[in-house]
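The values are calculated or read from the model by the stated rules, or taken from the named source; none is laboratory data. Note that the structure is predicted; figures quoted are calculated from it, not measured. Neighbour counts run over all protein chains shown; Cβ positions are idealised from the backbone, glycine included.
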Amino acid sequence: MSKDRTQAIPAFIDLAAQRERLGDRLEQAISAVLRHGQYVLGPEVAELEDRLQSFCGARHCITCANGTDALILALMADGIGPGDAVFVPAFTFVATVEVAVLCGASPVFVDVRPDTFNLDAVSLEAAIGEAGRRGLKPRCVIPVDLYGQPANYKDIGEIAEAHNLLMIADAAQSFGASLDGRKVGTLATYTATSFYPSKPLGCYGDGGAVFTDDDEKAARLRSLRNHGKGPDRPDTEHVGLNSRLDSIQAAILLEKLRLFPDEILARQQRAERYNEALATVVKVPELMPGATSVWAQYTIVTDRRDEVAKSCHDAGIPTAIHYASALNCLAPYRQCPTAPGGLPQAESLAERVISLPMHPYLSEDAQALIVATIREALASRKAGVARAAE
């Protein structure tokens, strides 16, 4: 591996390039927090909540400590607990199922679609019946907007309404995307997102938020994130969490939010470059009609994942696997109910997906190297097979 090739792709997600563009604005924002000394739920937090809800069109934004807590807070706000079935896709990050267990509920795994990798409405309908047969009360579905694209909230929402299910959007990867002209944050009763540093809009630590249009739910969420305290007095009204956002992280997010619209466009541009160059050799991501993505990950599907990963590694190109196991295959969740017929798409994708570098500052030269490396890796074996057949 040459030194020059290694330096061509400095990181899977290049936060340093974004940091350079922000210049001294970050230091100024952090210094302002240091001067006023309100380090938790300070004025920057209130300003951020106002800016975020305006950005996506939601009536309320309630920030919290991280994206996992955002999901937990939404479940707690509606009293989801023991005996309740929470339907989650089997192909996603573990936090989506983890929160159901932490609330005492019973997760039920649903398969995903082979095109968008998001929750499959047909599998959801079957899983609801399975939950009932097991004596569970169907209460909640958590569609995940995997890799940055919204789930099919129209079809899922119709099923949720028919079965009186609460719908919580897990938008940890999709804030900034839209579906049929509506932005993420307004597509479900609650929308939970994450500001982990690698997210399209990320801070320099942990952070999260819940969006809702319901005034009463918003008030309850604000109480729950602060030990269940009331808004104007220290009395505890509910069993809550310590899940408040730090003012410094809010200050950082406010500065990054200024760049966010431009960065979303840049991510789309880079996704289109990948699609055009790779569509003939691997399965590239597909968007639903009416959907946009913020491309939290650019993930391809190939039966030769190990070869692609090795070739990229040898060329100094970082890759990642999101995710290497379907959730039902993880030790803590193997006994959880699944939709009838199993989870074939989730389990197949876990064996075949690989994510490529994706961020707004990925250069054309870097993408050209990535594409050439993948095409060469896949062509080499094909040529070998052809020679062996002669």
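Restricting the search to segment 95-111, which residues are small (Gly, Ala, Ser) and without any contact (Cβ under 8 Å) to a residue 40 or more places away in the chain? Across segment 95-111, the qualifying residues are Gly104, Ala105. Inclusion of Asp235 among residues that are touching a strand residue (DSSP E or B) at 6+ places or on another chain (Cβ under 8 Å), charged (D, E, K, R) and exposed (fewer than 15 other Cβ atoms within 10 Å of the Cβ) is warranted.
In segment 79-90, the residue that is surrounded by the fewest Cβ atoms within 10 Å (Cβ to Cβ) out of those that are farther than 21 Å from His322 by Cα and of a type outside the set (Gly, Ala, Ser) is Pro82. Within segment 333-381, the set of residues being surrounded by fewer than 18 Cβ atoms within 10 Å (Cβ to Cβ), over 30 Å from Ala17 (Cβ atoms) and among the hydroxyl-bearing types (Ser, Thr, Tyr) comprises Ser348, Ser380. Pairs meeting the criteria (first residue in segment 218-229 and closer than 11 Å to Ala77 by Cα, second residue in a helix (DSSP H, G or I), beta carbons under 7 Å, at least 6 apart or on different chains) are Arg220/Ala77; Leu221/Leu73; Leu221/Ala77; Leu224/Leu73; Leu224/Met76; Leu224/Ala77; Arg225/Leu73.
Scanning segment 335-379 for residues that are touching a residue at least 12 places away in the same chain (Cβ under 8 Å), under 26 Å from Ala11 (Cα atoms) and polar (S, T, N, Q) yields a count of 3. Within segment 152-170, residues that are over 17 Å from Arg182 (Cα atoms) reach partners that are in a strand (DSSP E or B) and aromatic (Phe, Trp, Tyr) with beta carbons closer than 8 Å, at six or more positions or on different chains, in the pairs Leu165/Phe87; Leu166/Tyr190.
It is to be established whether one or more residues within segment 63-77 are in contact with a Pro (Cβ under 8 Å, 6 or more places away or on another chain) and within 30 Å of Arg220 (Cβ to Cβ). No, segment 63-77 has no match at all.
Looking across segment 155-174, the residues that are more than 17 Å from Asp111 (Cβ to Cβ) and in contact with a Gly (Cβ under 9 Å, 6 or more places away or on another chain) come down to Met167, Ala169, Ala171, Ala172, Gln173, Ser174. The strands (runs of 3 or more DSSP E) found entirely in segment 91-205 that carry 2 or more residues being more than 17 Å from the chain's Cα centre (by Cα) and either among the hydrophobic types (A, V, I, L, M, F, W, C) or farther than 19 Å from Ile321 by Cα (or both) are 106-110, 137-141.
The listed residues are Ala309, Ala326, and the only one of them that is crowded, with 17+ Cβ neighbours inside 10 Å, more than 30 Å from Cys56 (Cα to Cα), in contact with a helix residue (DSSP H, G or I) (Cβ under 6 Å, 6 or more places away or on another chain) and small (Gly, Ala, Ser) turns out to be Ala326. Taking (1) more than 17 Å from Ser178 (Cα to Cα); (2) buried (at least 16 other Cβ atoms within 10 Å of the Cβ); (3) charged (D, E, K, R); (4) in contact (Cβ under 8 Å) with a residue 60 or more places away in the chain in turn, Asp214 satisfies each apart from (2).
Every condition in (1) at pLDDT 95 or above; (2) outside any helix (DSSP H, G or I) is met by Pro234 except one, and the failing one is (1).
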